[in-house]
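Scroll down for the structure; my scribbles are underneath it.
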Amino acid sequence: MGKNQFSIRRRKKGMPPSPTPPVDNGEPQNSISMPVGTAKASKKKVGGARLWMRFDRWGQSELNEWDKNAIIKRAGIPTRDLRILGPIFSHSSSILAREKAMVVNLEFIRAIITAEEVLLLDPLRQEVLPFVDQLRQQLPHKSLLKVNGTCAEQDDNEGHFPNAGHWLPVPEAVEGLQAELPFEFQVLEIALEVVCTFLDSSVADLERDAYPVLDELAMNVSTKNLEQVRSLKSNLTRLLARVQKVRDEIEHLLDDNEDMAQLYLTRKWIQNQQPETLLGTIVSNSPVPAAPNLRRLNSARSRSGSLVSNHFNYYDVEDLEMLLEAYFMQLEGTRNKILSVREYIDDTEDYVNIQLDNQRNELIQLQLTLTIASFAIAMETLIAGYARWKKLLGS
């Protein structure tokens, strides 16, 4: 009896079934498998997640859905800072310095900035898209100073920083770092630029709409024109409050050097990492026991610490101060434009009030004239009546 084309083989007891090969249907296969029992829990977790966009210092970006725990673990910030980025404080302005991150909430830009990356909340909103475009255009594709956790080789590379595959001495590396703003300040500058541009554009629109309405009101005082001026004043008050919040936050940072020093995330990260990394590399590369090299390790630590501390003064905040002062002056100019529009509104209202007072005086004068005329006619009528009555009595 010949074998059929299809034969059935029995699987031996205790052997697992052979895996079914994936079917190639032209769709990409998912490489992450999830147990069936955790599907509901995963759906519940994804439901509480929010959309974030991650930018690194090399300009690469990606979209992710992360919940609060993932953000807290990744950025190392307390839970209360995430409440600041919530919808309740959507139009507030704050720049908070933390140990490893900077929490930025400027108008519609809500982000967490570290020394290596920036996490942007709700990146697909219409107001946030210009900020995303600016990040993609202006962020460098290569870091000026790349610290990858490994330090210089013993003797030859001692006291050096890695930079794009080459070893630079610490003074030269620090001078290169100081020649350009750190990554966190580049992102902060882009955020301030986008916010200030948006506020300037809003003020320009307000000026374009305000002056024709006020001129029309000055020529013709009507209910329609008064309603338009009332709406204009409401928009002006809200816009002035938003500009004032951003301006006050920058002014608060400028008044406190310690707060500005806390915003130097790259500097703090280098100060924390360089001595430990240098010592760890020397110990791992040393062929002799560690005890005879204790004096050498101490000298390396003191030499590395002195090099970093000499070039990184903790209260050296000149770069950040110049950056904040530039945008503070720009916001001050925007605020002055709004105040100028408000003064024009006040002048127009004073002019309208003068016109109304003049018309009111004219009405009072007319009323007084009519009253005098009425009194004169009444007196003439009284005299004529009295003369007639006397004539009747004489006859």
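The values are calculated or read from the model by the stated rules, or taken from the named source; none is laboratory data. Predicted model, so just to flag it, every value in this text is computed and none were measured. Because the Cβ atoms are built from the backbone with ideal geometry, glycine has one as well, and the counts that use them run over all protein chains shown. What goes into the accessible areas is simple: the full protein's heavy atoms, side chains included, and nothing from ligands, DNA or RNA. Shrake-Rupley method; radii C 1.70, N 1.55, O 1.52, S 1.80 Å.
Overview of results
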read-out	value
Some residue of segment 281-294 being modelled with pLDDT under 50 and buried (at least 20 other Cβ atoms within 10 Å of the Cβ)	yes
Subset tally (residues that are open to solvent by less than 60 Å² (accessible area, probe 1.4 Å) and in a helix (DSSP H, G or I)) for segment 243-270	17
Selection within segment 123-147 - part of a loop (DSSP other than H, G, I, E, B), in contact with a Leu (Cβ under 8 Å, 6 or more places away or on another chain) and either open to solvent by less than 30 Å² (accessible area, probe 1.4 Å) or modelled with pLDDT of 90 or more (or both)	Pro123, Leu124, Val128, Leu145
Hits in segment 180-204 - residues which are open to solvent by 20 Å² or more (accessible area, probe 1.4 Å), in contact with a helix residue (DSSP H, G or I) (Cβ under 9 Å, 6 or more places away or on another chain) and farther than 17 Å from Val132 by Cβ	Glu180, Leu181, Asp200, Ser202, Ala204
Test: residue in segment 320-331 that is within 24 Å of Tyr211 (Cα to Cα), assigned to a helix (DSSP H, G or I) and modelled with pLDDT of 90 or more	yes
Whichever residue in segment 217-232 is surrounded by 16 or more Cβ atoms within 10 Å (Cβ to Cβ) and not β-branched (Val, Ile, Thr) and, among such residues, is nearest to the chain's Cα centre (by Cα)	Leu232
Residue identified as within 30 Å of His252 (Cα to Cα), open to solvent by 30 Å² or more (accessible area, probe 1.4 Å), modelled with pLDDT of 65 or more and of a type in the set (D, E, K, R) among Arg110, Arg57, Arg50, Arg74	Arg74
Among the candidates Val118, Val103, residue that is in contact with a helix residue (DSSP H, G or I) (Cβ under 6 Å, 6 or more places away or on another chain), outside any helix (DSSP H, G or I), without any contact (Cβ under 8 Å) to a residue 40 or more places away in the chain and not polar (S, T, N, Q)	Val103
Residue list for segment 190-221, filter: aromatic (Phe, Trp, Tyr) and within 30 Å of Leu320 (Cα to Cα)	Phe198
